[in-house]
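Read through the structure below, which is laid out as structure tokens, and then see the notes.
Every number in this text was worked out from the coordinates using simple rules, so none of it is lab data. Since we're looking at a predicted model, the values are computed, not measured. Note that we place each Cβ from the backbone using ideal geometry, even for glycine, and neighbour counts take in every protein chain shown.
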Ligand SMILES: CC(C)(COP(=O)(O)OP(=O)(O)OC[C@H]1O[C@@H](n2cnc3c(N)ncnc32)[C@H](O)[C@@H]1OP(=O)(O)O)[C@@H](O)C(=O)NCCC(=O)NCCS
């Protein structure tokens, strides 16, 4: 195993001058398949520009050809010497949450070390993951293998299959990404049109579910209706245990489920508010049809695209609690509806999917930017969580939040201005009050702002999240079923020592 930085650094480093444009730096990164460019003036290192900086620049709507790199780079970055030990690189990167460090020798830059280089070679683990202590909440514990997607928390990177999720959100439709998750590849135009047709043909609620939905919808909230509706769907369509069916049957059920969920949510919402359901339209893509069924009128194109991008960004996100729940249930051989009902239950908790409406409630309570600091200090002082901030995996910017901030800006409006000012204040206050934590906005903060601006009622924020996540859950259910072994971990017993004689009644 390499012991010195020079043994694992990428060398020679890719450099550019301070005056180079973002576009020039981006094409260097693409050409060389690297995640950063060292910015130099003569021989001296003056900065480093990373993919994360490019993402910020894109979110800030910077013109890539006109913007010089020095505006977006991290200036005067920490550097390593090539003879330093790998451990120094590890602590430099992890302590400061950097992802790349230039390596300098004799006054000139000779290489770059990335977190990825370190992880590739290392048996090194963060201290909190080492040793025999059981990580609370299974943090960092690998419990399965998956090719659906992953999250790299320290890098602020999130991908579906091999593609960055934010790029998919920027460039592809929800249905294309759905197909990527179900079948492993992005479709070409013909396959895409065929898949859209297949989805559109399966949106109707089956008659038994449609007949029961008015009672279900009036009994509880939209997530209750979703959970119960999915259970009814599986029962009515006679879904058998995943253990007893083949992959084609399971995929067909998964497609039906994901096509029906938006219809179920929209119909339940309207029924709950005393309105008749609006039937789905086969001529509209999923996001446009969802807004149509909610409102009974076509939504503006900007709203449709913003909601679609939100849906793409939230399809999957590593081994989060609901995905894990769905896989555990599937590992017992239970049917798809059982797995998704369990996953919806896990998602409904405020520490997982239940935060976006709370983030907007917070913005309402704060009302004006000047009240933000006092409000947030008081809330944290009381021990409350600031909703939409912090993440189990991301200890840096959540890439979904960066992207959605850009979407929110493009939609504009007073809510967006207030949200950005509150975000800046909250990040500062949390850094001050919890200096050893890295608390930034998570997906839910700007999700609430985007969905709210697009006219989706708050009570439907988490259900809308569930509509896209159902696609991710289904992909995981299919993956689990295809190569299944019962998930049955162990717990460390900490109660009074047994055996103790049972006292007489
Ligand atoms: C998402 C979340 C559950 C992940 O947290 P986690 O990894 O389990 O972190 P912990 O609960 O162990 O908290 C670690 C510390 O950070 C603090 N913290 C984490 N998120 C915080 C937040 N949003 N506001 C205030 N403090 C927060 C905790 O109070 C704790 O501080 P302490 O050690 O001084 O008590 C957490 O950040 C949270 O509750 N956020 C608010 C809810 C939310 O936005 N949920 C949507 C998630 S996508």
TODO: Among DSSP beta bridges lying fully in the chain, give the percent that are antiparallel, nearest 5.
DONE: 85
TODO: Rank the residues 493, 440 as a footprinting-exposure proxy: fewest other Cβ atoms within 10 Å of their Cβ go first.
DONE: 493, 440
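Starting with the fewest neighbours, write out 395, 434 ranked by other beta-carbon atoms found within 10 Å of each beta-carbon.
434, 395
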Open item on the list: With the cut-off at 1.5 for a/c, could you classify the stretch 438-505 from its C-alpha gyration tensor as rounded, prolate or oblate?
Closed with: prolate
Task: Three-way shape label, the stretch 286-378, alpha-carbon gyration tensor, a/c 1.5 - done: oblate
Task: For the stretch 130-232: rounded, prolate or oblate by the Cα gyration tensor [a/c cutoff 1.5] - done: oblate
Task: For the stretch 146-488, alpha-carbon Rg over 2.2 N^0.38 Å - done: 0.97
Task: Helix-only mean residue ellipticity at 222 nm for the chain, each DSSP H run of n ≥ 4 adding -39500 (n - 2.57), per residue, nearest 500 - done: -16000 deg cm²/dmol
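Can you tell me the relative contact order of the stretch 5-121? Whole percent, Cα pairs under 8 Å, sequence separation 6 or more.
32
Ratio of the stretch 214-267's C-alpha Rg to 2.2 N^0.38 Å, to two decimals?
It is 1.23.
What number, in percent, do you get for the relative contact order of the stretch 146-488 if the mean sequence gap of Cα pairs under 8 Å and at least 6 apart is divided by its residue count?
Once divided by the residue count of the stretch 146-488, the mean separation gives 25 percent.
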Open item on the list: Give me the mean projected area, in nm² to one decimal, of the convex hull enclosing the Cα positions of the stretch 386-458.
Closed with: 4.7
Task: Per principal axis, descending, Cα span of the stretch 5-121 in whole Å - done: 40, 28, 24
Task: Alpha-carbon centroid distance for the pair the stretch 140-206 / the stretch 364-399, whole angstrom - done: 31
